[in-house]
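Asker: The structure that follows is given in the form of structure tokens.
The values are calculated or read from the model by the stated rules, or taken from the named source; none is laboratory data. Remember, it's a predicted structure, so these values are computed and weren't measured experimentally. Cβ placement follows ideal geometry from the backbone for every residue including glycine, while neighbour counts extend to all protein chains displayed.
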Amino acid sequence: MSSRPLNDDEVLTEMNKMVAFIKQEALEKAREIRVKADEEFAIEKAKLVKQEQHAIDAQYEKKRKGAEVAQKIAQSTLTNKSRLKLLQQREEHLQDLFSTARDSIVTLANDEGRYVQFLEGVIVQGFLQLLEPDVTVYARQKDASVLQRAVEGASKQYTNISGRTVNVTPQGTLSNDIAGGVKLISGTSG
């Protein structure tokens, strides 16, 4: 290279080259900054999207569990209502049955022959369940004479069935307000 001074055209050419070089460097630097900014934006965007997805998933899970609980509560309520209705109907049927039985016993108690036969059967069943040598039989005071006949017949039937004897103490201490029947206690009351 020569050491002569550059003329104006050469200076202008050199300056244009330098300006072009600086411009090229600036464009590359701007592109690098843009690429880096785009990458950082994409990373930040992905992070935010992931956070929101987790938040939405958590919210959905909470709502799903709440719906499950509500469904279980509704099912339980329905089951309980159904059970209560069933119990109520059962209670009504039992009350009807008790009422019918009471009416039947009252009617039966008015027919002395059938009532003695009924009491004999019930007393024999009681003897067979207790299998005790001494039994106290309670009945209404107004059934005392009927009870005596029923106890005698029941004692004979019990001996025929079981081969055992039973000592019976008839008592007339049940309330006259009840429909009828007997109550058996093992042992004697005196």
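Asker: Here is a list of conditions, (1) under 30 Å from Val182 (Cβ atoms); (2) outside the structural domain of Lys142 (by TED's automatic domain parsing); (3) β-branched (Val, Ile, Thr), and Val49 meets all of them except one; can you say which number that is?
Answerer: With respect to (1) under 30 Å from Val182 (Cβ atoms); (2) outside the structural domain of Lys142 (by TED's automatic domain parsing); (3) β-branched (Val, Ile, Thr), Val49 is out only on (1).
Asker: Ok, one more. Does Gln117 satisfy the criteria of being closer than 19 Å to Asn167 by Cα and either in contact with a helix residue (DSSP H, G or I) (Cβ under 8 Å, 6 or more places away or on another chain) or not in a loop (DSSP other than H, G, I, E, B) (or both)?
Answerer: no
Asker: When you look at Ala109, is it among the hydrophobic types (A, V, I, L, M, F, W, C) and either out of contact with any helix residue (DSSP H, G or I) (no Cβ under 7 Å at 6 or more places or on another chain) or in a strand (DSSP E or B) (or both), yes or no?
Answerer: Against the criterion (among the hydrophobic types (A, V, I, L, M, F, W, C) and either out of contact with any helix residue (DSSP H, G or I) (no Cβ under 7 Å at 6 or more places or on another chain) or in a strand (DSSP E or B) (or both)), Ala109 does not qualify.
Asker: Limited to the range 158-187, what total is found for residues that are farther than 19 Å from Gln141 by Cβ and either out of contact with any Leu (no Cβ under 8 Å at 6 or more places or on another chain) or loosely packed, with under 15 Cβ neighbours inside 10 Å (or both)?
Answerer: Adding up the residues that qualify gives 11.
Asker: Another question about this same structure. Output yes when any residue across the range 8-23 is out of contact with any helix residue (DSSP H, G or I) (no Cβ under 8 Å at 6 or more places or on another chain), exposed (fewer than 10 other Cβ atoms within 10 Å of the Cβ) and at pLDDT below 95, and no when none is.
Answerer: Yes; the residues of the range 8-23 include at least one that is out of contact with any helix residue (DSSP H, G or I) (no Cβ under 8 Å at 6 or more places or on another chain), exposed (fewer than 10 other Cβ atoms within 10 Å of the Cβ) and at pLDDT below 95.
Asker: Give all pairs with beta carbons closer than 6 Å in which a residue from the range 144-157 that is surrounded by fewer than 19 Cβ atoms within 10 Å (Cβ to Cβ) meets a residue that is small (Gly, Ala, Ser); count only pairs at least 6 apart in sequence or on separate chains.
Answerer: Listed pairs, sorted by first residue: Ala144/Gly172.
Asker: From Arg90, Arg31, grab the single residue that is farther than 30 Å from Ile178 by Cβ, modelled with pLDDT of 95 or more and surrounded by 10 or more Cβ atoms within 10 Å (Cβ to Cβ).
Answerer: Being farther than 30 Å from Ile178 by Cβ, modelled with pLDDT of 95 or more and surrounded by 10 or more Cβ atoms within 10 Å (Cβ to Cβ) holds for just one of Arg90, Arg31, which is Arg31.
Asker: Does Thr169 satisfy the condition of being modelled with pLDDT of 90 or more and over 15 Å from Gln117 (Cα atoms)?
Answerer: yes
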